[in-house]
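Here is the structure we will look at, set down as structure tokens.
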Amino acid sequence: MKKSVYTAIALLCTLMLTLASASCAGGGGAKGAEFIFNNGTEPQSLDPSKIEGVPEHRLYMALFEGLVCYDPKTSRPVPGVAESWSRNDTQDVVTFKLRDCTWSDGTKITAQTFVDSWLYYLSPETAATYAYMPAMVIKGAAEYNAGTAGKEAVGIRAVDEKTFEVTLVGPVPYAVDMMAHYSFSPLPMHAIQKNGADWIKPGKFVGNGPFVLEKWIPQDKITLVPNKKYWNKDNVHISRITALPIENDTTAYQKFKSGEIDWATNISIEMLDEIKLRDDYHPAPMTTTYYYYLNINNKVLSDVRVRKALSMSFDRKELVEKVTRAGQIPTTALVPPMEGYTVAKGNDFNVAEAKKLLAQAGYPNGKGFPKMTVIYNTNEGHKKIAEFMQQQWKTNLGINIELANLEWATFIDKRQANDFEIGRAGWSADYQDPSNFLELFLSTGGNNDGRYNNKEYDALLDKASKMPAGSDRMAVLNEAEEMVITRDQAVIPFYYYVSPNMIDLTKWDGWYVNTMDIHPWVGLKKK
């Protein structure tokens, strides 16, 4: 489920009312409109401790709210459950003041709620994919998550019912930005204890966001209705949200054209020439990278010469100009451009060098190269990219690659289980700092699906996590990116995304183009 470094919002107390109308709130507008959108696939789960994709994140923002949430215009953190926060003089302790709010069943949310939720999320038994995010920045969290320390070591505490204190590993400049992410979500522990895994089902669901779950009909639709207990319910203007799991972008586009859906979250490559002429198409640069994971545990792919050969044997410029065609920016780097950061220069298109490397690895002109498969989730765009790669690798290296189109949940399960050779991936920043991309390849990271394991790399990210904002910190992060991309080629970057949204903004207010492509639900209203 994009940015440059942010710190806690200045002059928060005097700006609080203004901020409340920005992200977790909105003003005016008549109530009663239903909003239907295509979410692109069936979600894995609605449990914040189990989700990891963009489709799930869209629903999360409707069903839950953390200490902070996203401003719909800038994607910067604004007050959520926390009405204010402050840092100590050394910037390594953040104190949040909570507002009066409850779960959708009326149970009170307190500072202890966050203590219990975060400990549950970090517990080794929970095995949350994104546990590495809080583990990177909260003192003692990594040790607890690894099972080498008890929960008392984790630097979080309830000072009183409405004061929550977080001790960081250092003066982490982006710590508050991270806390809009679902890995820092409160969890309804009372509902989890009562109903187990069924707590996310209709009739048992408990959340604290602007909406609650009404229906979940697998492979058909999910419907959400306003949460009557939400602290800012007066600024919820939609009577119902309906999420459709349409995987075919052309089908979704036809439904958008006919007025059956209000928001198409992806575009059809087949219909792109027509779409580009429409006023309700809103392309914009994103802090998001498209890439392929390489399974480092695979005997052939464990050879860095093979990995570099795969990266150097296809033309990224041709890919974006002739296949994707929506303004994507070709890149050999992992981290998108961010303020104050110099992206790595990876291994670019060079067929002669790629052939040389493959021959050195024992596969001259592809001879003897074993059968390999690229897996991708069902989507016509991913299919066309995979077919392009199949052709480029055959033409330029003489190797035969097979393609496997998988349903979303199966695709994610295979990647997480390291049950693949080459796998499609994309990363959209959760907070605007290079570390958000680089942490994907920590040896302990839950999203390290290719199983890159480099203690030197881990040490660089650990060092950066304890440094204040500035050029020295950015230099350390750049060194890490050069290592994982240029030297080790742990993944193959393709391009930076552009947002692919279609929505008629003459009919809807409160939806904004932003570089993170994150669109909160509070404040959205029919004009």
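Since every read-out is calculated from the coordinates, none of them should be taken as a lab result. Because the structure is predicted, anything quoted here is derived from the model rather than measured. As a convention, Cβ positions derive from the backbone with ideal geometry for all residues, glycine included, and neighbour counts pool all protein chains shown.
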Discussion item. Please list the three semi-axes, largest first and in whole Å, of the ellipsoid equivalent to segment 178-309, using sqrt of 5 times the eigenvalues of its alpha carbon gyration tensor.
Written reply: 34, 28, 16
Discussion item. For the pair Glu125/Asn248, report the inter-label distance in nm, with labels modelled 7 Å from Cα in the Cβ direction.
Written reply: 4.6
Discussion item. I'd like the Karplus ³J(HN,Hα) series for segment 460-466: coefficients 6.51, -1.76, 1.60, θ = phi - 60°, whole numbers in Hz, and an x wherever there's a Gly or Pro.
Written reply: 5, 5, 5, 4, 5, 5, 9
Fill in: Share of alpha-carbon pairs per 10 Å distance bin for segment 284-499, given as whole %
8, 35, 38, 16, 2, 0
Worksheet item: Using r as the Cβ-Cβ distance of Glu165 and Thr444, and R0 as 22 Å, what FRET efficiency do you calculate, to the nearest 0.05?
Response: 0.30
Fill in: Relative contact order %, segment 284-499, counting alpha carbon pairs below 8 Å whose residues are six or more apart
37
Practice prompt. Would you list, by chain and number, the lysines whose Cα falls below 17 Å from the Cα of Lys162, excluding same-chain residues fewer than 8 positions away?
Written response: Lys97, Lys108
Practice prompt. Using only the alpha carbon atoms of segment 427-488, find the Kirkwood hydrodynamic radius as the inverse mean reciprocal pair distance, in angstroms to one decimal.
Written response: 11.8
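Considering Cα pairs under 8 angstrom that are at least six residues apart, work out the relative contact order of segment 185-242 and quote it in whole percent.
23
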Worksheet item: What ranking, highest mean first, results for peptides 452-458, 65-71, 289-295 when packing means the other Cβ atoms within 10 Å averaged over each residue?
Response: 65-71, 289-295, 452-458
Worksheet item: Using the per-residue mean of other Cβ atoms lying within 10 Å as a proxy for protection, in what order, highest first, do the peptides 430-443, 272-285 fall?
Response: 430-443, 272-285
Practice prompt. Could you check how many percent of all C-alpha pairs in segment 371-527 are farther apart than 28 Å?
Written response: 38
Item to complete: Kindly state, to the nearest 0.05, the FRET efficiency for Glu143 paired with Asn195, given R0 = 30 Å and r defined as their beta-carbon distance.
Response: 0.45
Discussion item. Whole-Hz ³J(HN,Hα) for each residue in segment 312-327, computed from phi via Karplus 6.51 cos²θ - 1.76 cosθ + 1.60 with θ = phi - 60°, x for glycine and proline: what do you get?
Written reply: 8, 10, 9, 9, 5, 4, 5, 4, 6, 7, 10, 10, 6, 6, 10, x
Worksheet item: Could you give the length gained on full extension between Thr95 and Ser471, defined as 0.36 nm per residue of separation minus the Cα-Cα distance, in nm?
Response: 132.7 nm
Discussion item. Using a Cα-Cα cut-off of under 16 Å, which aspartates and glutamates could be cross-linked to Lys194, ignoring same-chain neighbours fewer than 8 residues away?
Written reply: Asp47, Asp105, Asp116
Discussion item. Positive end of the dipole of segment 120-250, charges at C-beta (+1 Lys, Arg; -1 Asp, Glu), about the Cα centre: which of Ala131, Ala146, Tyr121 has its Cα farthest in that direction?
Written reply: Tyr121
Fill in: Contour minus Cα-Cα distance for Glu339 and Glu387 (0.36 nm per residue)
13.8 nm
Worksheet item: How high is the FRET efficiency from Asn453 to Lys299, r the C-beta distance, R0 22 Å, rounded to 0.05?
Response: 0.90
Discussion item. Compute and list, largest first, the equivalent-ellipsoid semi-axes of segment 262-317 from the alpha carbon gyration tensor, each √(5λ) rounded to a whole angstrom.
Written reply: 36, 13, 10
Worksheet item: Which peptide among 384-393, 197-206 comes first, and what is the full order, when sorted by highest mean count of other Cβ atoms within 10 Å?
Response: 384-393, 197-206
Worksheet entry | Average silhouette area of the chain, convex hull of alpha-carbon atoms, in square nanometres | 22.7
Discussion item. So the label point goes 7 Å from the Cα of Thr373 along Cα→C-beta, right? Which residues of segment 408-436 then have their backbone N under 17 Å from it?
Written reply: 408-425
Practice prompt. Could you work out how far apart the two model spin labels at Ala409 and Thr395 are, taking each label as a point 7 Å from the Cα in the direction of the beta carbon, and quote it in nm?
Written response: 3.9
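Regarding segment 108-226, what's the average projected area of the Cα-atom convex hull, expressed in nm²? Don't skip to the answer; put the middle values down first.
Numbers: hull surface 34.0 nm².
Seen from a random direction, the Cα hull of segment 108-226 projects 8.5 nm² on average.
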